[in-house]
Amino acid sequence: MISEVTVREFAELGAEPAVRGFLHTPSVANGHALILTHGAGANCLSRLLHAVADEFAASGFLVLRCDLPFRQKRPHGPPFPAMAGQDRAGLERAVNVLRPRASGQIFLAGHSYGGRQASMLCTERPGLVAGLLLLSYPLHPPRKPQDLRTAHFAQLNTPALFVHGSRDPFGSAAEIQSALKLIPGPCRLHLVEGAGHELMRGTGASDLPGNIQEQFSAFFSL
């Protein structure tokens, strides 16, 4: 059981881009760490991120649940495409800040836009982390299946676990399965039946964080 005192505000000040969020410290650590971030319309306080962070911390992970730089600059509104590089730089800085605190492997995780930027960062910085957890990867905008966001997939060699809802308007099950064939590195899809883009709504939502953690540990042999 993770007590409230082990979930504390975390801030790295005096450096740009800043690292801001909450650090979940496990009662019994396994040495591994997970950096978890949000989608374009949310922040690190989202229900999904909080639930996943608690589940991973309960299983021994040190978890940093953080806001991307675009969200630090303004509390509402989507990110600007031209500033996406800064969001990736923020994730890289979070990895570097957390590395001295982890004796084992470090993983990057993100919901939607956050996962997309994490995967792009891993093509720019091979070997930066041991693996990726991509929640509801935004394969294309809703109702625009021709606008695929897969240009970097052919360079993605970092092992990646995709968790995707079967009713996600940002990509159908068939579309995401087809897209994963573009990735040369190890990857796996965990399809959540009946779930949409937010994942935490509908039947089985209460069991989802535990299922994600189990799928993650199995895929990465942890």
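Nothing in this text is a laboratory measurement; each read-out follows from the coordinates by a stated rule. Note that the structure is predicted; figures quoted are calculated from it, not measured. Virtual Cβ from ideal backbone geometry, glycine too; neighbours counted across all protein chains shown.
Note the direction-averaged projected area, equal to a quarter of the hull surface, for the Cα convex hull of segment 64-129, in nm².
About 4.5 nm², averaged over all directions.
Using only alpha carbon positions, build the gyration tensor of segment 4-219, then give the equivalent ellipsoid semi-axes as the square roots of 5 times its eigenvalues, largest first, whole angstrom.
24, 20, 17
Please list, by residue number, every one of the GluC sites (Glu not before Pro) in segment 152-213 that is coil in DSSP and has at most 12 other beta-carbon atoms within 10 Å.
GLU193
Starting at the first residue of segment 185-194, write each ³J(HN,Hα) from the Karplus equation 6.51 cos²θ - 1.76 cosθ + 1.60 with θ = phi - 60°, in whole Hz, x for Gly and Pro.
Result, rounded to whole Hz: x, x, 8, 8, 10, 10, 8, 9, 4, x.
Which one, VAL52, GLY110, PRO100, projects farthest toward the positive side of the charge dipole computed for segment 50-151 from Cβ point charges (K/R +1, D/E -1)?
Towards the positive end, the residue furthest out is GLY110.
Write down the Å³ per residue value for the convex hull defined by the alpha carbon atoms of segment 9-110.
Each residue corresponds to 88 Å³ of Cα convex hull volume.
If a helix is a whole DSSP H run, which ones in the chain reach 20 Å or further along their own axis (Cα) and hold a mean Kyte-Doolittle hydropathy of at least 0.0?
none
Of all DSSP beta bridges in the chain, what percent run antiparallel (nearest 5)?
About 30 percent, rounded to the nearest 5.
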